[in-house]
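Please read the structure below before turning to the comments.
The values are calculated or read from the model by the stated rules, or taken from the named source; none is laboratory data. Because the structure is a prediction, the values reported are computed rather than measured. Every residue, glycine as well, gets a Cβ built from its backbone with ideal geometry; the counts of neighbours run over all protein chains shown.
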Amino acid sequence: MAAFGLLVSALVLGPASGAVEAGGPEGQVAAESASPKGQAELADGEPTDGDPERRAERRDPAAALAAAVEGGGVPDEILDEDDEDDEATEEADDPLEGVDLRAVPRLDAPRTRADEIRDYWRRGFHSGVGSFNLVYGGPVRTYTFAGSPLRSRFTLGMSLRVLFHPRVQVSFTIRGQRWETLGPGPTMGAGAIFMELDYGLPLLALPTDWRVRPELVARIGGGAGAVTASFDDVTGENVEFSDLDRLTVGLTAAAEAQLDVRVHDLVYVRAFGGVSRSLYNFGALSFARDLQWFAGVGVGFY
């Protein structure tokens, strides 16, 4: 019975439907209108999907948005896409999750002296900081030799120092002393010379780029030392006394305070002073290795 009804409909509607080509736009509109979805849209009074403008809007979201603005509304498709984007953003992992923001330094926070010192200890500097220094000194206490008081005429020296690391300072020093006895009788003169290489440990280790930089340095080193002695007899003639001459090796320890003042980007001046004690076997002339004070000035280069 159903088949008979379909046959009758085809015979009745055949001439009318043949006026519309299947391949033309009108044919596509008719076909889509005949579909259940198209009939539902026609019943609601909305344009069908067969409308060329509606199809363009579906293919191009920008065109759909422009049409919505002109019509005073936003298509549901765009609203749905925005909702999906918001949900995806909310579901994305937070890159700062689990990070203690209080421990992250602020880029605009001012750097303190403590921050500069920590960075200096951690990173140091790219090249050594060298200086050339002149030294003057003398004994801390008085001495006697064969019952006659001794006087230190001078202690002079020069040194080259290089700071390789915030905690490593190496120094090469040459220094000499001259002594003589006081009072009646023959005068004894004694001289000593030292060549030493030592390691200095900066205790404060403040950044070298500071304009004013105080420092405390503990030194330990060693080298070679030699002493000679001579006497002036009653006639005034100087007589060498080789029995007291010594050439030996030994150690030296020192404590020193320094003050560096930067006068140029690459130049600084230094004032320093301290005490030192040498451990050399000089026999009867052991006073030459006893506790001494020293002070000096220098110029350094970065």
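Can you find even one residue in the range 158-173 that is without any contact (Cβ under 8 Å) to a residue 60 or more places away in the chain and surrounded by fewer than 13 Cβ atoms within 10 Å (Cβ to Cβ)? No, there is no match, as no residue in the range 158-173 is without any contact (Cβ under 8 Å) to a residue 60 or more places away in the chain and surrounded by fewer than 13 Cβ atoms within 10 Å (Cβ to Cβ). All conditions in (1) crowded, with 16+ Cβ neighbours inside 10 Å; (2) more than 37 Å from the chain's Cα centre (by Cα); (3) at pLDDT 85 or above hold for residue 138, with the sole exception of (1).
The set of residues in the range 248-302 being crowded, with 16+ Cβ neighbours inside 10 Å and assigned to a loop (DSSP other than H, G, I, E, B) consists of 280, 282, 302. Among the candidates 113, 175, the residue that is within 21 Å of residue 224 (Cβ to Cβ) and of a type in the set (Lys, Arg) is uniquely 175. When each of 277, 262, 270, 289 is tested for being at pLDDT below 95 and within 19 Å of residue 215 (Cα to Cα), the lone residue that passes is 262. With the requirement that a residue be buried (at least 19 other Cβ atoms within 10 Å of the Cβ), touching a Lys or Arg at 6+ places or on another chain (Cβ under 9 Å) and of a type outside the set (Gly, Ala, Ser), what does the range 174-192 give you? Correct list: 177, 179, 181.
Looking across the range 113-157, the residues that are in contact (Cβ under 8 Å) with a residue 24 or more places away in the chain, part of a loop (DSSP other than H, G, I, E, B) and in contact with a strand residue (DSSP E or B) (Cβ under 8 Å, 6 or more places away or on another chain) come down to 124, 128, 140, 146. Taking the criterion of being assigned to a loop (DSSP other than H, G, I, E, B) and farther than 23 Å from residue 129 by Cα, the residues of the range 191-235 that qualify are 233, 234, 235. Selection over the range 230-254 of residues that are among the aliphatic types (A, V, I, L, M) and modelled with pLDDT under 85 gives a count of 3.
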